[in-house]
Each structure stands twice: as C-alpha cells, then as structure tokens.
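A short worksheet on the structure shown next.
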Amino acid sequence: YDGAAREFRGFGRVEVLDADNTVALTAFAQDDCLKGHPTHQEVKDAAGALWTRTESTWSCQEVAPGIRFARLDQTDAVIQDGDASARIVRSRFEYDAYGHVVAAYDDGEPGIAGDERSTKTTFLSDTSAWVLGKPSLIQTRDAGGAVVVQRRFAYAGSAASPSAPVTLVKEEEWLKGS
C-alpha cells in the first residue's frame, strides 16, 4: 500500500497450500512502476524440498511523459524436481518502442551448447492508420541460426481505409523438415 497515493499495490507475497501440502510461493514487486509483477516464484513439496524456482528481472521504460512500461527482461528458472540436482534455464526478451516483444532468446542451460533458440517477430508499423501490434513475420531459429519455424501474416483494412478494422486474411506456416 502506498499511503501517499492511497493506492493498493497488491500483495507482496502469496502462498498457496494444496491438499498434498505442496507450497507455491509468489513474491510481487511493490514499487511505482513494477507493482504487482511477479519477481520470485517457487514450489516446494510437503517435506520442504524445492521443485522449481523462477527469478524474473524487470525494468521500467518511460514510453511517453508520465507513462511507464514494465518490461520483463529475463527469467531464470531452476528445476530441481525435489532432489539435489538442478537444471537452470534462462530466457531473455527485447521490445520495440511500443512494448511488443520483438525478440525472445531461450538460452537453455548455461554451459550446455546447442540447446539455445531464438524467436524474432516483425510487426506492422503504420502509425498514420494506427495499425500497430500486428505481427507480419515470426521466425524461430535453432542454436546454429537456421530457421526452424516461420510464420507469415497478411492483413486487410490498413492505410487504404483507416476506419475499417484490420483483419487477418492469410497465415502461412513453415516447419523445417515438413
């Protein structure tokens, strides 16, 4: 709670206990920009053994005077499955000026080569007709940089008729090996 602004910022921490005594804990940011966004999540079994833990790294971007956007920059997930062994998986994200995710990098496990992949998205950007946020191309690449999945999108109703809704008229998908 921010007393000066009289604003409830959500719970700082939430614990959920199920019938098997599994505990799911989520911690939330409480500052001005990131309020309500999860920063830490973990699941433990009835004996207290950790199964998963995720740390989320956020940043705040001012997109216009007085308007801020909370960006998820990175997640680090630890998967332990209740024992001492652990697997760490990292994901990173990049955004355009409108807050759309234009690149997602799944780095896989640090120290293990070849399990990485990336997905890049190209969006339509017609500000005169206010056509934003519609993907035109999405490509997923493997660790070597080869395209393994590609999707193309075509729309109708853009600059020719700004008042008409923009609708998807065609979607093509290509999978490597198919």
Next on the checklist: Anything in the range 63-72 that is open to solvent by less than 40 Å² (accessible area, probe 1.4 Å) and free of Cβ contacts under 8 Å to residues at least 24 places away in the same chain? List them, or say none.
Outcome noted: Ala64
Checklist entry - Of these, Val23, Val102, Val43, which one is closer than 23 Å to Gly133 by Cβ and surrounded by 11 or more Cβ atoms within 10 Å (Cβ to Cβ)? => result Val102
Next on the checklist: Considering only residues that are open to solvent by 40 Å² or more (accessible area, probe 1.4 Å) and either among the hydroxyl-bearing types (Ser, Thr, Tyr) or at positive phi (or both), which ones fall in the range 49-58?
Outcome noted: Thr52, Thr57
Item to check | Residue that is farthest from Arg71 (Cα to Cα) [pool: residues in the range 20-48 that are modelled with pLDDT of 95 or more and of a type in the set (Gly, Ala, Ser)] | outcome: Ala24
Checklist outcome for this item: When every residue in the range 73-99 that is within 16 Å of the chain's Cα centre (by Cα) and open to solvent by 80 Å² or more (accessible area, probe 1.4 Å) is compared, the one farthest from Ala46 (Cα to Cα) is Tyr98
Checklist entry - Limited to the range 19-59, what total is found for residues that are assigned to a loop (DSSP other than H, G, I, E, B) and out of contact with any His (no Cβ under 8 Å at 6 or more places or on another chain)? => result 17
Checklist entry - Wholly within the range 82-178, which strands (runs of 3 or more DSSP E) include no fewer than the required count, namely at least 3 residues that are in contact (Cβ under 8 Å) with a residue 24 or more places away in the chain and over 30 Å from Thr22 (Cα atoms)? => result 117-126, 131-141, 147-156, 167-175
Next on the checklist: Among the numbered criteria (1) free of Cβ contacts under 8 Å to residues at least 24 places away in the same chain; (2) surrounded by 11 or more Cβ atoms within 10 Å (Cβ to Cβ); (3) assigned to a strand (DSSP E or B), which one does Val16 miss?
Outcome noted: (2)
Item to check | Residue, modelled with the lowest pLDDT, within the range 141-178, restricted to residues that are touching a Gly at 6+ places or on another chain (Cβ under 6 Å) and open to solvent by less than 40 Å² (accessible area, probe 1.4 Å) | outcome: Ala164
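The values are calculated or read from the model by the stated rules, or taken from the named source; none is laboratory data. Please read all numbers here as calculations on a predicted model, not as lab measurements. With ideal geometry, Cβ positions are generated from the backbone for all residues, glycine too; neighbour counts draw on all protein chains shown. When the accessible area is computed, the model is the full protein with side chains, heavy atoms only, and any ligands, DNA or RNA have been set aside. Shrake-Rupley method; radii C 1.70, N 1.55, O 1.52, S 1.80 Å.
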